[in-house]
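Some notes on the structure that comes next.
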Amino acid sequence: MMKRLLPLIATIWCALTINAQSNDSLTAKDDSLVRELRMQIQELKLQSILMQERLEDSGNSAREDSLRQALRKARIDSLRSIIKGVPLVIEGDTLFSLYDRKGGMMPEERVKSISEAILESGKSMKLVADTVYVFEGDYTTDIMAGSTVIMSVTDNDAIWQNTTRQELGAQYCKIIGDKINELHEEYGLQQKLKGLLYVAGILLMLFILIWATNWFYRRWRLRIVRFLMKRLSPLAVKDYEVLNMHRIGIVFLTIFNVLRYFVIFLLLFFCIPILFSIFPETESLAYRIIGYVWNPFVSIIKSVISFLPKLIQIIVIIICFRYLVKGIRYLMNEIGSGRLKVTGFYADWAEPTYFILRVLCYSFMIVMIWPLLPSSNSEVFQGVSVFIGIIVSLGSSSIIGNVMAGMVMTYMRPFHVGDFIKYGDTEGFVIEKTMLVTRIRTRKNEVITIPNSNLMTSQTSNYTFAAQNFGIVVHTKVTIGYDVRWQEIRQLLLDAAHATKGIRQHPEPFVLVTALDDYYVEYEVNAYTNQYEKLSLIYSELHHNILDSFHTNGVEIMSPHIYAHRTDLELQIPKDQQKPPVKE
């Protein structure tokens with residue numbers, strides 16, 4: 001172009017020079033025109049120079065660009081086996097991968113930005129999806145959706161894919177366009193309107209099914225119950241009626257009510273996930289709701305199946321220990337009934353010994369079963385076990401104390417059921433002796449319950465044992481003044497003892513002088529008896545006989561504190577028992 005301009009400029013310059021020499025008499029107007037033409041020629045010269053420089057620069061830059069492009073391609077080829085692209089994944093669908101950055105954005109950031117743009121355009125609430133097209137720029141090829149830039153394809157992206165930028169842009173445009181159309185068909189406004197219609201239909205169907213279930217329950221429950229009760233009879237075990245007809249009717253009504261709620265639960269369980277699965281945004285929630293019920297059920301079934309071998313072991317252990325305890329029970333019954341005698345082992349030890357052995361057997365059985373239980377090695381299971389053990393140990397300390405005291409007393413054998421004992425101020429017959437308490441019936445038929453720990457730490461008297469082996473000493477005291485001879489008092493007390501029923505004659509009764517006080521003498525009569533159950537009657541009769549014996553013989557039962565001389569004071573003895581005065 002510059003070669004064609006230069007002759008034209010030279011021709012115009014020569015013509016202007018010749019014209020200027022031949023017409024010296026031009027006007028001022030012509031001079032200004034000539035100056036203007038000269039300025040234009042100068043500008044044309046400058047433009048030609050600039051254009052020449054630009055041509056030279058463009059040639060150099062093209063060569064540099066080609067070299068730079070070759071170097072870039074060589075570098076990218078060397079990185080293909082090292083660098084892995086970042087895939088663009090939209091709802092589980094991999095569209096393509098990016099390898100290079102764009103400006104300051106790393107491939108991961110580019111993929112995230114492109115994914116957000118595609119999802120925003122595809123899930124827009126529009127009736128028609130935006131048109132996806134390619135916009136060619138100087139340095140990038142932009143893929144547009146409406147007025148939104150989805151992504152920009154660079155030359156480096158094209159080199160990574162072994163193609164040109166324009167071809168790669170067209171390829172990505174088709175992939176992105178198809179994905180946006182697919183998303184719009186799934187999330188668009190038209191799909192939402194259809195989903196709302198489906199939701200309304202399912203809710204209407206659910207309401208009708210629940211109403212029909214309740215209607216059937218209200219209409220037929222009483223009829224079905226009456227029909228069943230006509231064909232059933234009361235459930236009885238021996239003489240005890242476990243379920244009468246009224247209770248059977250209540251049981252059936254309860255069962256029908258539970259079935260009604262179960263059917264409603266099944267309807268909700270199936271319909272709610274269907275409702276959530278209509279819209280893609282809530283589809284994952286539908287699977288999650290199903291999983292809340294189904295996963296525990298499957299987990300329980302798997303746990304039960306995996307636990308079956310250990311369950312069989314537990315059943316075998318329980319059966320073995322059950323028959324072992326039965327064998328021990330049979331052996332202890334034989335010893336307790338006296339049919340089997342073991343030297344040094346008393347019959348009344350059989351029951352507590354059986355209790356101890358049974359506890360030991362069951363404890364050993366639990367120790368064997370414990371590791372076989374599900375989650376027995378978990379920290380939670382062990383923590384709960386320790387907590388329960390602490391609570392039981394703290395709450396049952398007194399119970400354990402009573403049990404241990406009952407066991408110790410059983411082997412100490414201080415008394416038996418039926419013995420007449422004295423505990424503190426309480427006297428009575430032992431009517432029951434358990435591992436925790438002992439019950440005593442007093443002479444007034446009062447039943448007193450005493451914890452075994454109290455009996456263990458207190459003194460008890462066994463009148464039955466003493467009566468059968470040694471004889472119980474019945475004793476009572478009287479105080480008489482010094483004016484009566486002790487021989488006479490001794491004889492009167494012995495006569496009263498001999499006259500009492502229930503008193504043994506061998507060993508013979510005896511009298512002891514237990515105290516010589518300032519004003520009187522204290523006498524104590526002692527006699528033996530084996531009739532421990534009549535102690536109160538024997539004491540009463542002994543006291544009666546003492547009164548009769550003393551009064552008949554003119555002896556006053558008094559404990560004087562001073563000596564008084566009688567004048568006309570009568571004797572303090574019943575008149576019918578007084579002896580006539582002796583005449584001197």
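Of everything in the stretch 398-447, what is outside any helix (DSSP H, G or I), of a type in the set (A, V, I, L, M, F, W, C) and either closer than 15 Å to Tyr463 by Cβ or open to solvent by 50 Å² or more (accessible area, probe 1.4 Å) (or both)? Give them in sequence order.
Phe415, Val417, Phe420, Ile421, Phe429, Val430, Ile431, Leu436, Ile440, Val447
How many residues are among the aliphatic types (A, V, I, L, M), part of a strand (DSSP E or B) and out of contact with any strand residue (DSSP E or B) (no Cβ under 8 Å at 6 or more places or on another chain) when one looks only at the stretch 82-109?
2
Taking the stated definitions as given, is Thr254 open to solvent by less than 50 Å² (accessible area, probe 1.4 Å) and among the hydroxyl-bearing types (Ser, Thr, Tyr)?
No; evaluated as a whole, the condition is false for this residue.
Go through Tyr240, Tyr261, Tyr198 for me and flag whichever is open to solvent by 50 Å² or more (accessible area, probe 1.4 Å) and either within 30 Å of Thr131 (Cα to Cα) or touching a Ser or Thr at 6+ places or on another chain (Cβ under 6 Å) (or both).
Only one candidate passes the filter, namely Tyr198.
I need the full set of residues from the stretch 186-220 which are of a type outside the set (Ser, Thr, Tyr), in contact (Cβ under 8 Å) with a residue 40 or more places away in the chain and within 20 Å of Pro280 (Cβ to Cβ), in order please.
Glu186, Gly188, Leu189, Gln190, Lys192, Gly195, Val199, Ile202, Leu203
Just one of Leu340, Leu331 is within 30 Å of Phe415 (Cβ to Cβ) and not in a helix (DSSP H, G or I); which is it?
None of the others qualify; the one that does is Leu340.
Looking at the stretch 483-529, which of its residues are assigned to a loop (DSSP other than H, G, I, E, B) and surrounded by 15 or more Cβ atoms within 10 Å (Cβ to Cβ)?
Within the stretch 483-529, Val484, Ala499, Thr500, Gly502, Ile503, Arg504, Pro509, Tyr520 qualify.
Inspect the stretch 279-286 for any residue being open to solvent by 90 Å² or more (accessible area, probe 1.4 Å) and touching a residue at least 24 places away in the same chain (Cβ under 8 Å) and give the result as yes or no.
Yes - at least one qualifying residue is present in the stretch 279-286.
Cβ contacts < 8 Å: first residue touching a residue at least 24 places away in the same chain (Cβ under 8 Å), restricted to the stretch 339-356; second residue surrounded by 12 or more Cβ atoms within 10 Å (Cβ to Cβ) and of a type in the set (D, E, K, R), any location; separation 6+ or different chain. Result?
Tyr346/Arg413; Asp348/Arg413; Tyr354/Arg329
How many residues are touching a helix residue (DSSP H, G or I) at 6+ places or on another chain (Cβ under 6 Å) and within 27 Å of Asp576 (Cα to Cα) when one looks only at the stretch 502-550?
6
Can you tell me which residues in the stretch 154-167 are open to solvent by less than 30 Å² (accessible area, probe 1.4 Å) and either in a loop (DSSP other than H, G, I, E, B) or out of contact with any Phe, Trp or Tyr (no Cβ under 6 Å at 6 or more places or on another chain) (or both)?
Thr154, Asp157, Ala158, Ile159, Arg165
Just checking, how many residues over the stretch 115-153 are farther than 25 Å from Gly188 by Cβ and open to solvent by 30 Å² or more (accessible area, probe 1.4 Å)?
4
In the stretch 453-476, is there at least one residue being among the polar types (S, T, N, Q), surrounded by fewer than 16 Cβ atoms within 10 Å (Cβ to Cβ) and at pLDDT 90 or above?
Within the stretch 453-476, not a single residue is among the polar types (S, T, N, Q), surrounded by fewer than 16 Cβ atoms within 10 Å (Cβ to Cβ) and at pLDDT 90 or above.
Anything in the stretch 530-555 that is part of a helix (DSSP H, G or I) and β-branched (Val, Ile, Thr)? List them, or say none.
Result: Ile538, Ile546, Thr552.
Pick from the stretch 94-114 the residues that are open to solvent by less than 20 Å² (accessible area, probe 1.4 Å) and not hydrophobic (A, V, I, L, M, F, W, C): which of them is modelled with the highest pLDDT?
Arg110
When you look at Val325, is it in a helix (DSSP H, G or I), in contact with a Lys or Arg (Cβ under 6 Å, 6 or more places away or on another chain) and modelled with pLDDT of 80 or more, yes or no?
Yes; evaluated as a whole, the condition is true for this residue.
Modelled with pLDDT under 90 and either over 60 Å from the mean Cα position of the chain (by Cα) or of a type in the set (S, T, N, Q) (or both): does that describe Pro507?
Spelling it out, Pro507 is indeed modelled with pLDDT under 90 and either over 60 Å from the mean Cα position of the chain (by Cα) or of a type in the set (S, T, N, Q) (or both).
For the stretch 367-384, which positions are at pLDDT 70 or above, assigned to a helix (DSSP H, G or I) and either open to solvent by less than 90 Å² (accessible area, probe 1.4 Å) or of a type outside the set (A, V, I, L, M, F, W, C) (or both)?
Passing the criteria: Met368, Ile369, Pro371, Leu372, Glu379, Gly383.
The values are calculated or read from the model by the stated rules, or taken from the named source; none is laboratory data. Note that the coordinates shown come from a computational prediction; the quantities given were computed from them, not determined experimentally. Quick reminder, even Gly has a Cβ in these numbers, built from the backbone with ideal geometry, and neighbours come from all protein chains shown. SASA here: full protein model, heavy atoms, side chains in, ligands and nucleic acids out. Shrake-Rupley method; radii C 1.70, N 1.55, O 1.52, S 1.80 Å.
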